[in-house]
Each structure stands twice: as C-alpha cells, then as structure tokens.
Amino acid sequence: MPPGMNAIIGPTGCGKSTLLDVLAGRKNPSQLTGYVLLNGEFLPNSVRRRLCGYVVQENIVMETLTIRENITFSATLRLPRCTAARERDEKVSSVIEELGLTSVADRIIGTQSTCGVSGGERKRTCIGIELVNDPLVLYLDEPTTGLDSYTAGTVIQTLRRLADSGRTIVFSIHQPKYSIYRLFDRLTIISNGQMIYHGPGGQTPIVYFENCGYFIEGHNNPADFFMDILHGEFDIDETVVQQKNIAGTSEKDVCKTVRETVCRKLIACWLKSTLWRQCKVFLAECSENFHQNRLRRLKQKKQDQKYNSTTTRKTTITRHIQHKQTKFNKQGKQ
C-alpha cells in the first residue's frame, strides 16, 4: 500500500481488524503463512511494531490527564532516552498543532461523569499518541466508530492531512458516507476473509462492479452500494425466499447461502480482473527482490563467518607461535 489514504471496508466479521493486526505485526507469526514486506524488506514483528503506529478501536487515553499530558507521556516512553526535554516538548507541540488540538491541548480528557473534550478530540488524541515517534505507517481500526457523522468527518479530514504530508495511512471503516469515501486514495474490499477488490478509490471500483454485473443507482453512496452487493441484496429473489420458507428453511439460512454464492462469484471476477493481474506482477517483483536480497544477505553472512573463522584461526596460530618463541627465549637465557 503506497503513501496516502488506504481504506479497508467490508461487512462486520469479515476480517478487517485481523488483516490490520497481521500487517502491523500484532499476530503470532507461527500461525501465519507468507511474508509482510515493508518497503520491500521483511522485518520481524518486534521491529515492525516499533516502525508502525496502531490506533485501536477503543479510546485508550488517561481520562484524568490533559491532551498535552497524554501525548507527552507517550513521547516520554517512545522517544530515545537521549532526547532532551525541550526537544520532546517541541515534538509534542508539533503533533498537537498538526492534529488541530492547540485550542484544547490543556483541557482534561474527562470521564462519563465529568466534562471534558469531545469524541473527535479524544480520537485525535489517540492518533497523536501514535504520531510522536514518526511511524512509517499508521494503522487505525475503525477510527469513526461511536462518532456522529460530523465528528467522523473531522477525524477523517485529519487523516487526509496526515496522508498529504507523505504518510501511509491504512485503516478499516465499516460504512462511510460519501464525503468520507471520496477522500480515499485506494480501497480494499474484503468478504469472508477473501479479497474482493483492491485498487484505486473514486469511480474505479464502481466501474469494476458494473463489469461484474452490478449497477449503482443514481445519487447512491458508493460505500452503501458495495455493502449491498456483499450482503446479497442484488441477488436475493423473494420468490426463492418464499419457496424456501415453504420447504421449512428459514430466510436467514437462505440469505446466508446467497451471500456465500455472491462471495464466490466476486472472488472469481476478481481473479479474472486486470487489477488482480497488476497486483500479481507487483507481488512477483516484490517477492523476487525480497528473495534476492535475502540470498545476498545470506552470502554476505557466510563470507563474514568464513572471514571471522579464518581471522580467529590466524590469531590463534600467531599467539601459539609467540608463546613458543617466548618460551624458547626464556630457556636460552637460562
């Protein structure tokens, strides 16, 4: 995923959060197959977690502290120990300004029983906590959950500004309104753990689904259109539902069967698409570069080990000769 706004959408339980956890190195690698590459390089989960930021769905902030104190606490833990207090405070102020929190920076977060900052300001504080160490990639798990339409828009606008500054923003979102959808640079759609679409945002996915046989109605929100497709709204035949009910099968089971059928159909469409072929070429190039770099590092490691072994052997022989010479000289003097 390149720098910019990379959105992941799909039905509840389809695997959006799991995908983010895998990308961010928050899953046990022994239970996974394949590689996650960062700038074409494979990095262990421990290294990836240091280089990437992750904003969880819940607001994890200390409610008795101010916004500035929360971000300062994070900076104290994350920045190198050699960082001077003045430099740390400047970094905190820079993050606060970048997130548009300057006017409320010294306001207490607040609890359910005490007045504090708004939901959007609280979420932006969570983002600031992750930004203090300048992560290469910022992951967010449904950052608009629990926010009203306007507040959700302000949070996404903040992410848009961060993306425009050259950062890579990857986030999951359930069903965004159009004013949010149009801010996406790239879109990934998944269903039942399978990729249905991965490519540019905007009108491209609409055209893609039209080629799959699904047509959007005028003035319909594209995100709603995609979700209707995934839920089988375009494929459910009321007559079939009635017949199944007569046979004793519930409507819920029929809808589930239809969704599974639609998912298989969309996967087949995706595997035949030009976008998938482009992805395959890109993945093949990344894989080839990764394996070439890996072989180069292994050869270099073997050469270093051979050199170190030879050097150690020469050193041992030299010391042995020096010891014998010293012993011989002592015997000669006696």
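The values are calculated or read from the model by the stated rules, or taken from the named source; none is laboratory data. All of these numbers come straight from a predicted model, not from anything done at the bench. Ideal geometry is used to build each Cβ from the backbone, glycine not excepted, and the neighbour counts take in all protein chains shown.
Details
- Residue selected from the range 193-221 under the condition of a type outside the set (Gly, Ala, Ser) and touching a Lys or Arg at 6+ places or on another chain (Cβ under 7 Å), by the criterion nearest to GLU260 (Cα to Cα): ASN221
- Residue match in the range 148-163 (condition: farther than 29 Å from ARG50 by Cα and in contact with a Gly (Cβ under 6 Å, 6 or more places away or on another chain)): yes
- Test: residue in the range 34-48 that is modelled with pLDDT of 90 or more and in a helix (DSSP H, G or I): no
- The residue of the range 51-70 that is farthest from THR111 (Cα to Cα), among those that are in contact with a Leu (Cβ under 9 Å, 6 or more places away or on another chain) and touching a residue at least 60 places away in the same chain (Cβ under 8 Å), is LEU51.
- Within the span defined as the range 182-192, every residue fails to be more than 23 Å from GLU260 (Cβ to Cβ), over 18 Å from the mean Cα position of the chain (by Cα), at pLDDT below 95 and assigned to a helix (DSSP H, G or I).
- If the condition is being touching a helix residue (DSSP H, G or I) at 6+ places or on another chain (Cβ under 6 Å) and under 26 Å from ILE229 (Cα atoms), then the range 1-55 contributes MET5, ILE8, GLY10, PRO11.
Here is a yes/no grid of residues against (1) touching a strand residue (DSSP E or B) at 6+ places or on another chain (Cβ under 8 Å); (2) in contact (Cβ under 8 Å) with a residue 40 or more places away in the chain:
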{"site": "THR72", "(1), (2)": "no, no"}
{"site": "GLU98", "(1), (2)": "no, yes"}
{"site": "THR102", "(1), (2)": "no, no"}
{"site": "GLY120", "(1), (2)": "no, no"}
{"site": "THR125", "(1), (2)": "no, yes"}
{"site": "GLU130", "(1), (2)": "yes, yes"}
{"site": "ASP134", "(1), (2)": "no, no"}
{"site": "ALA152", "(1), (2)": "no, no"}
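- Residue within the range 125-133 that is of a type in the set (Ser, Thr, Tyr), closer than 20 Å to MET62 by Cα and surrounded by fewer than 17 Cβ atoms within 10 Å (Cβ to Cβ) present: no
- The set of residues in the range 262-291 that are in a helix (DSSP H, G or I) and either more than 21 Å from GLY34 (Cβ to Cβ) or touching a helix residue (DSSP H, G or I) at 6+ places or on another chain (Cβ under 9 Å) (or both) comprises VAL262, CYS263, ARG264, LYS265, LEU266, ALA268, CYS269, TRP270, LYS272, THR274, LEU275, TRP276.
- Subset tally (residues that are part of a loop (DSSP other than H, G, I, E, B), hydrophobic (A, V, I, L, M, F, W, C) and modelled with pLDDT of 80 or more) for the range 1-31: 2
- Filtered residues of the range 238-288 (kept if among the charged types (D, E, K, R), more than 30 Å from GLY40 (Cα to Cα) and modelled with pLDDT of 80 or more): ARG259, GLU260, ARG264, LYS265
- Any hit, the range 112-134, residues being outside any helix (DSSP H, G or I), within 17 Å of the chain's Cα centre (by Cα) and not hydrophobic (A, V, I, L, M, F, W, C): yes
Matching residues to (1) part of a loop (DSSP other than H, G, I, E, B); (2) not small (Gly, Ala, Ser):
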residue	(1), (2)
TYR54	no, yes
VAL61	yes, yes
THR64	yes, yes
ASN70	no, yes
THR76	no, yes
THR83	yes, yes
LYS91	no, yes
VAL95	no, yes
SER103	no, no
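- Failed criterion for ARG48 (all others in (1) more than 16 Å from the chain's Cα centre (by Cα); (2) crowded, with 17+ Cβ neighbours inside 10 Å; (3) not aliphatic (A, V, I, L, M) hold): (1)
- Scanning the range 142-170 for residues that are part of a strand (DSSP E or B) and buried (at least 22 other Cβ atoms within 10 Å of the Cβ) yields ILE169, VAL170.
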